[in-house]
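The values are calculated or read from the model by the stated rules, or taken from the named source; none is laboratory data. Everything quoted here is computed from the prediction, not taken from an experiment. Note that each Cβ is placed from the backbone with ideal geometry, even for glycine, and that neighbours are counted across all protein chains shown.
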Amino acid sequence: MATFKKITLQEAAGLINDGDLLSFSGFTIWRRPMALIYELVRQQKKNLHLFEVNGGTHTEVLAGAGAIKIWESCWVGHELYGKLGEGIARGQVEGSIIVEDYSHAQVVARQLAGAYGLPFFPTALSMGTDILNPKYDMLGKAGLRDGSNSKIPVKKYDVVKDPFFGNGEILMMPAVNPDWALIYASQVGDEGTVRVFSQTYVDAEVVKAADKVIVIAEEIVPDNYLRREPEKNLAAGYAIDYVVECPWGAHPTGSQFFYDVDADFIRNFYQVSKSKAAFDEWANEWIFGVSGHEEYLDKLGINRLQNLRANSVLGYSTTVKRGTR
């Protein structure tokens, strides 16, 4: 019996309030919930707080649209299609986005604490680096570590002496518990079991740490099919609150065994993201210029989508032109 509620993209975006703390599935340009990101922009969400291992195309769409107030992470970009996060950088320079920097593994440590139900995670990661320099505590400098927001810890970190073995100092990274995990999945069972093809990154921890979970999935399949190989599943149905069935919902990012990254689309987006005026023109065409996801796919065209479609055995497109050595 399904424990989740099946909803539309518009309904999913409508659940998210201005100022909410969000985390995401995927990694850089893979398995990002892009269809839902576009809908958040259409609904003009503001002051969002993002916490993620790394940012990607989804981050830059939200940044360009002026939807982000706080971004906590370690890196943002589009891999070989655009090395920098132009929208985040512009917001940081202009002062419209507060950027809180961590090492990659420190972000994971915070997510692990949230997933395990712990207040903090002990680690020695990046101790002795400027990431722990108090003058770079940007949320603290903005006066936001006063305890008024339950999603922002009163300290960026703490350092204590090992009380058990006397091995010196140890770093404590506070837990993160997002309001929402926005997850793209390959398949969701009709009782909510979630399966992701290929790498799962920290998706399981993001699901466990969040207060509520929205999954957008390529397809809904019988749950008894997914349960035949439970080791391949990411999360159980009881952990999922809402599901949107949304084919091509990760485009232009990729979904292993469904479709490749749309390299030309992201490369072009990276170029337009370098200025606010160019981004706005792009958004008027690709976000506000279509009524929703179906019209977006129509605009892309069947030939483009078919070229990206993955071979069901190999897991990647055999028609996409790739570089040579």
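Here's the yes/no breakdown for (1) among the aliphatic types (A, V, I, L, M); (2) on the phi < 0 side of the Ramachandran plot; (3) touching a residue at least 40 places away in the same chain (Cβ under 8 Å):
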site: GLU52; (1), (2), (3): no, yes, yes
site: VAL93; (1), (2), (3): yes, yes, no
site: GLY114; (1), (2), (3): no, yes, yes
site: ALA124; (1), (2), (3): yes, yes, yes
site: ASN133; (1), (2), (3): no, yes, no
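Somewhere in the range 54-68, is a residue under 30 Å from GLY315 (Cβ atoms), hydroxyl-bearing (Ser, Thr, Tyr), in contact with a Pro (Cβ under 7 Å, 6 or more places away or on another chain) and in contact (Cβ under 8 Å) with a residue 24 or more places away in the chain? Yes, some residue in the range 54-68 is under 30 Å from GLY315 (Cβ atoms), hydroxyl-bearing (Ser, Thr, Tyr), in contact with a Pro (Cβ under 7 Å, 6 or more places away or on another chain) and in contact (Cβ under 8 Å) with a residue 24 or more places away in the chain. Annotation: of all residues in the range 149-178 being touching a helix residue (DSSP H, G or I) at 6+ places or on another chain (Cβ under 7 Å) and not in a loop (DSSP other than H, G, I, E, B), the one that is surrounded by the fewest Cβ atoms within 10 Å (Cβ to Cβ) is PRO174. Condition check: more than 24 Å from ARG267 (Cα to Cα), assigned to a helix (DSSP H, G or I) and of a type outside the set (Lys, Arg). Does ALA89 satisfy that? Here the answer is no, as ALA89 does not meet what is asked.
Condition check ((1) under 19 Å from LYS141 (Cα atoms); (2) at pLDDT 95 or above; (3) charged (D, E, K, R)) across all residues:
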residue	(1), (2), (3)
ALA65	no, yes, no
SER73	yes, yes, no
LYS83	no, no, yes
VAL99	yes, yes, no
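Scanning the range 246-261 for residues that are in a loop (DSSP other than H, G, I, E, B), under 14 Å from TYR316 (Cα atoms) and under 14 Å from the mean Cα position of the chain (by Cα) yields a single hit, THR253. Considering (1) in contact with a strand residue (DSSP E or B) (Cβ under 7 Å, 6 or more places away or on another chain); (2) surrounded by fewer than 24 Cβ atoms within 10 Å (Cβ to Cβ); (3) not aromatic (Phe, Trp, Tyr), the lone condition that PRO230 does not fulfil carries the number (1). Taking LEU118, is it assigned to a strand (DSSP E or B) and either at pLDDT 95 or above or touching a Pro at 6+ places or on another chain (Cβ under 6 Å) (or both)? Taking the combined requirement at face value, the residue does not satisfy it.
The set of residues from the range 34-50 being touching a strand residue (DSSP E or B) at 6+ places or on another chain (Cβ under 7 Å) and either without any contact (Cβ under 8 Å) to a residue 60 or more places away in the chain or more than 28 Å from LYS156 (Cα to Cα) (or both) comprises ALA35, LEU36, ASN47, LEU48, LEU50.
For the subset of the range 279-311 comprising residues that are of a type in the set (A, V, I, L, M) and under 24 Å from the mean Cα position of the chain (by Cα), which member is farthest from GLU86 (Cα to Cα)? The residue in question is ALA310.
Pull up the range 287-325, narrow it to residues that are among the hydrophobic types (A, V, I, L, M, F, W, C) and in contact (Cβ under 8 Å) with a residue 24 or more places away in the chain, then point me to the one that is surrounded by the most Cβ atoms within 10 Å (Cβ to Cβ).
Our first condition is that a residue be among the hydrophobic types (A, V, I, L, M, F, W, C); within the range 287-325, this holds for 287-288, 290, 297, 300, 302, 305, 308, 310, 313-314, 320.
Filter again for in contact (Cβ under 8 Å) with a residue 24 or more places away in the chain, leaving 287-288, 297, 300, 305, 308, 310, 320.
Numbers: ILE287: 18, PHE288: 14, LEU297: 18, LEU300: 18, LEU305: 15, LEU308: 23, ALA310: 19, VAL320: 16.
Among residues in the range 287-325 that are among the hydrophobic types (A, V, I, L, M, F, W, C) and in contact (Cβ under 8 Å) with a residue 24 or more places away in the chain, the one surrounded by the most Cβ atoms within 10 Å (Cβ to Cβ) is LEU308.
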